[in-house]
Amino acid sequence: MSTQQNAPLAESVEERNAVVRLLLHAEVLTAEQVCYARRVAAKLYVQRSLCDVLIELGYVTREQIHQAVQENQEKLRLGELLNGLGYLSDEELARALKIQAREDRRFKLGEILIQHKFLSEDKLTEILALQLGLPILDLTTHDPDVQLVTRCPLDYYGQHRFIPFDVQEGAIRIAFVDPLDARCLEAAKVYFGQNIIRCMVRNSHFDDWLIKAKDNAQTGVVSEDTRHNVVDIANTIILNAVQRDASDIHVEPMVDRVRVRFRQDGVLVPFRDYPVAVCAPLTSRFKIMCGADIAEKRRHQDGRLIFNHMNVQIDLRMSFYVTVYGEQIVMRLLKNQEELLPVSEIGMLPNMLERFMLDALDAPSGVMMITGPTGSGKSTTVYSSINYLNRPEVSIITAEDPVEYKVRGIGQCSINPAIGLTFEETLKHIVRQDPDIVVVGEVRDSFSAEMCIQTALTGHKVLTTFHTEDSIGCLVRLLDMDIEPFLVSSTVSCIIAQRLMRRICQKCAMPHQPDLIQLRRLGCTYGDLLGAEFQIGKGCPACNFTGYKGRLAAFEMLIPEVYIRDAVLARKTTHELREISISKAGMITLLEDGLVKAAIGKTTVDEVLRTLPRVHKPRPVHELRRILGA
Ligand SMILES: [Zn+2]
């Protein structure tokens with residue numbers, strides 16, 4: 001009777017000892033065995049851990065415990081593991097956690113255990129290395145790879161307590177002080193990608209290394225470069241940015257260092273940190289290069305230069321912005337003409353591309369609008385379209401701010417308000433140039449919007465860009481600018497909204513299943529994704545361990561057909577316009593286009609979620625693939 005009462009009780013209460021819990025779960029032990037072992041342990045004069053008692057009773061072996069821990073390490077936290085194995089009593093663990101809470105969680109549990117002498121550092125490192133099967137890297141005999149270390153700020157290492165050590169067979173070995181801390185692991189992945197080998201480092205070795213690295217950063221021996229002069233540093237920065245296909249270089253003075261980051265595939269990636277002493281001479285060097293005033297340090301400045309060094313020639317636009325720690329410099333690397341993409345290569349899926357060429361590009365007149373935020377790849381789409389339309393028998397003329405690519409055979413004008421060459425002035429003159437196609441850099445107010453519409457009304461074709469969230473937003477904004485609905489509905493021939501997503505590195509792509517949280521954020525069920533082949537990049541030297549290389553656009557194309565025209569004239573709401581566009585005008589939303597591109601392994605679900613607006617539940621992937629012909 002009494003055993004029957006005890007047994008279900010033991011099973012229903014969750015086992016406190018995390019290691020024993022794993023063994024119960026793996027069915028190595030039964031609840032009765034654990035119950036019995038606890039009673040035995042309570043009667044012993046010498047305090048023994050539950051695991052030791054279980055071993056002595058012959059219920060489990062050390063190897064089985066070892067195996068259970070290794071197989072389930074992501075489920076264990078440091079305190080639980082030490083407590084479970086009997087290295088830390090319940091009371092000691094509670095005390096250590098209390099100290100951690102009292103000190104505002106400024107220290108990790110491992111640090112507290114060592115500082116407050118619960119365990120020696122050597123003992124702690126050995127237990128973890130043995131139990132988790134991880135190698136211990138010795139910082140006293142080997143220095144971490146400088147190229148890897150400079151990839152991320154020193155404070156970040158201090159905060160997350162890890163060091164990138166070296167590259168082995170394409171994977172980065174990273175040494176963690178606490179290899180069980182999931183947050184530290186995630187933090188390391190942010191800079192070093194998925195493809196990492198977990199290792200361990202002693203707490204004190206880590207601290208010594210960090211102090212030394214910070215000292216070096218201040219006195220100026222952080223890397224090879226700083227021993228050379230600033231001319232070399234400046235050249236190194238630009239050459240590396242060109243080599244990595246970066247679009248911008250950021251040189252940011254901070255309180256204790258100068259941080260250099262590159263914008264690669266739309267995301268800022270740390271390049272190197274330089275000692276603070278380099279800041280002033282480096283700024284002067286860049287100013288000399290681009291013809292800015294080196295004596296002026298209190299005002300923002302601009303400059304431009306053609307960088308020509310070691311067979312690299314690139315057009316750079318520089319901006320110097322005065323901050324509290326010095327001048328922050330941002331350089332844009334302007335692209336050259338040969339990088340113009342044919343329309344077929346801007347990344348539209350087959351059926352959308354066909355419709356874009358037939359109904360938009362080949363239409364004789366009307367306004368084509370490309371919309372999206374800054375950095376969404378609008379210029380690429382505009383220039384590719386210009387390239388497509390550029391034939392000997394047509395005249396194309398542009399008003400741009402500024403001209404980004406030079407295209408042979410067309411009249412391009414850079415707006416320059418400083419000398420009175422404004423948009424207004426230019427647009428008034430443009431129609432007198434007898435153009436067939438007019439390109440207006442950007443619609444920024446109702447004046448330029450009206451100019452575009454008037455130009456289209458007189459039988460021209462107009463290409464322009466706009467700043468709105470999506471294609472429906474573009475229609476609505478035009479109406480909000482007090483342009484007559486009938487003018488909007490009769491002249492706008494095509495609206496393309498777009499965003500850029502990072503492309504998966506082809507060298508390290510591998511299959512991947514989205515998890516439930518991602519599904520929920522997409523607004524999909526597993527059924528909606530049938531037939532999808534999602535992938536992610538594992539990270540490799542080719543992609544700098546980011547898992548991504550290059551970018552591709554997601555498009556939303558709206559061709560205002562009769563249903564949309566009627567809806568615009570009837571001044572329907574944004575929501576109604578969107579419903580009609582999707583159900584009757586064959587519109588694929590940005591999210592849907594992105595989802596299909598993820599489903600065919602070109603980008604990741606994470607990128608889709610990061611970059612695309614989610615206003616409408618996407619249709620099932622197989623249906624979208626049929627519509628898009630992908
Ligand atoms: Zn890769």
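Under the condition of being among the acidic types (Asp, Glu) and under 37 Å from the mean Cα position of the chain (by Cα), which residue from segment 384-437 is surrounded by the most Cβ atoms within 10 Å (Cβ to Cβ)?
Only one residue fits best here, namely Glu400.
Take Cys452 and tell me if it is under 23 Å from Leu590 (Cα atoms), crowded, with 18+ Cβ neighbours inside 10 Å, within 38 Å of the chain's Cα centre (by Cα) and assigned by TED's automatic domain parsing to the domain that holds Val343.
no
From Ile249, Ile294, Ile346, Ile329, which residue is surrounded by fewer than 17 Cβ atoms within 10 Å (Cβ to Cβ) and touching a helix residue (DSSP H, G or I) at 6+ places or on another chain (Cβ under 7 Å)?
Among Ile249, Ile294, Ile346, Ile329, only Ile294 is surrounded by fewer than 17 Cβ atoms within 10 Å (Cβ to Cβ) and touching a helix residue (DSSP H, G or I) at 6+ places or on another chain (Cβ under 7 Å).
Tell me, which residue of segment 38-82 that is among the hydrophobic types (A, V, I, L, M, F, W, C) and farther than 25 Å from Leu128 by Cβ is surrounded by the most Cβ atoms within 10 Å (Cβ to Cβ)?
Val40
Please find, among Phe545, Phe466, the residue that is assigned by TED's automatic domain parsing to the domain that holds Asp401 and within 16 Å of the ligand (Cβ to nearest atom).
Just a single option satisfies the conditions, and that option is Phe545.
Could you list all residues from segment 501-542 that are farther than 30 Å from Thr380 by Cα, assigned to a loop (DSSP other than H, G, I, E, B) and either within 16 Å of the ligand (Cβ to nearest atom) or without any contact (Cβ under 8 Å) to a residue 60 or more places away in the chain (or both)?
Listed by number, the residues that qualify are His512, Gln513, Asp515, Thr525, Tyr526.
For residues that are in contact with a Pro (Cβ under 9 Å, 6 or more places away or on another chain) and among the hydroxyl-bearing types (Ser, Thr, Tyr), tally how many sit in segment 258-307.
Residues flagged as in contact with a Pro (Cβ under 9 Å, 6 or more places away or on another chain) and among the hydroxyl-bearing types (Ser, Thr, Tyr) within segment 258-307 amount to 1.
Tally the residues that are in contact with a Lys or Arg (Cβ under 8 Å, 6 or more places away or on another chain), within 23 Å of Gly347 (Cα to Cα) and surrounded by fewer than 16 Cβ atoms within 10 Å (Cβ to Cβ), restricting the search to segment 516-571.
Counting residues in segment 516-571 that are in contact with a Lys or Arg (Cβ under 8 Å, 6 or more places away or on another chain), within 23 Å of Gly347 (Cα to Cα) and surrounded by fewer than 16 Cβ atoms within 10 Å (Cβ to Cβ) gives 3.
If you go through segment 456-473, how many residues are in a helix (DSSP H, G or I) and surrounded by 23 or more Cβ atoms within 10 Å (Cβ to Cβ)?
Number satisfying all stated conditions: 2.
The values are calculated or read from the model by the stated rules, or taken from the named source; none is laboratory data. It should be emphasised that the depicted structure is a prediction, and the values quoted were computed from it without experimental measurement. Here the Cβ is made from the backbone with ideal geometry for all residues, glycine too, and neighbour counts use every protein chain on show.
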